[in-house]
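Here's the structure we're looking at; comments come further down.
Since every read-out is calculated from the coordinates, none of them should be taken as a lab result. Only a predicted model underlies this, so the values are computations on that prediction, with no experimental measurement involved. Cβ sites come from the backbone with ideal geometry, for glycine too, and all protein chains shown count toward neighbours.
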């Protein structure tokens, strides 16, 4: 059975044909997927409620980043993509199997966190638009 640890995972993004690694990522969650249950129960549904599967939503990814707003080009790109509301290409590359998850998304949230005994952190949320492609 193959096993991996998260160390070495890479979050990359591109608004052009060239992907750049988002530097200093401490943790990464997602993407997930869900299908809503569409209630189609009618007055003549005699035995129980009835549902149809709705349109899948691939959710979001969230990342905790050690923030360097000046020296890191990728962090400046995150801020620019947030301000311009640009949808860009993203990929998550697993460290040992080179498995790649790809999706399009926009920076929905950049939230700095200031703590006494920790580095400056920025919590990133990317909302996925369309389908996330898992291998």
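Which whole number of Å³ per residue matches the convex hull of the alpha-carbon atoms in the stretch 5-50? Display every interim value, and only then the final one.
Details: hull volume 7.3 nm³, N = 46.
Cα convex hull per residue, to the nearest whole number: 158 Å³.
How do 3, 26 rank when sorted from fewest to most other Cβ atoms within 10 Å of their own Cβ?
Values: 3 5, 26 11.
Arranged by neighbour count, lowest to highest, 3, 26 become 3, 26.
Can you tell me, using C-alpha contacts under 8 Å and at least 6 residues apart, the relative contact order of the stretch 1-113 as a whole percent? Write down the numbers at each step before the final one.
Working: 170 pairs, mean separation 33.3, N = 113.
Normalised by residue count, the contact order of the stretch 1-113 is 29 percent.
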Residue 100 to residue 117: extension gain in nm, 0.36 nm per residue of separation minus the Cα-Cα distance?
2.7 nm
Paired Rg and Dmax values of the chain, which use every Cα atom, in angstrom:
18.6, 65
For the stretch 15-93: span of alpha carbons on each principal axis (Å, largest first)
65, 24, 21
Between residue 29 and residue 79, what is the label-to-label distance in nm when each label sits 7 Å out along the Cα-to-Cβ direction?
2.6
Helix 73-84 sits off the longest principal axis of the Cα atoms of the chain, rounded to the nearest 10 on a 0 to 90 degree scale, by 50
Estimated 222 nm signal from helices in the chain, with DSSP H stretches of n ≥ 4 weighted -39500 (n - 2.57), rounded to 500
-3000 deg cm²/dmol
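Give me the number: length gained by fully extending residue 10 to residue 40, i.e. 0.36 nm times residue separation minus the C-alpha to C-alpha distance, one decimal in nm. Present the calculation step by step, with values, prior to reporting the outcome.
Numbers: separation 30, 0.36 × 30 = 10.80 nm, distance 4.22 nm.
Net length gain for the segment: 6.6 nm.
How do 43, 82 rank when sorted from fewest to most other Cβ atoms within 10 Å of their own Cβ?
Values: 43 5, 82 16.
Going from least to most buried by this count: 43, 82.
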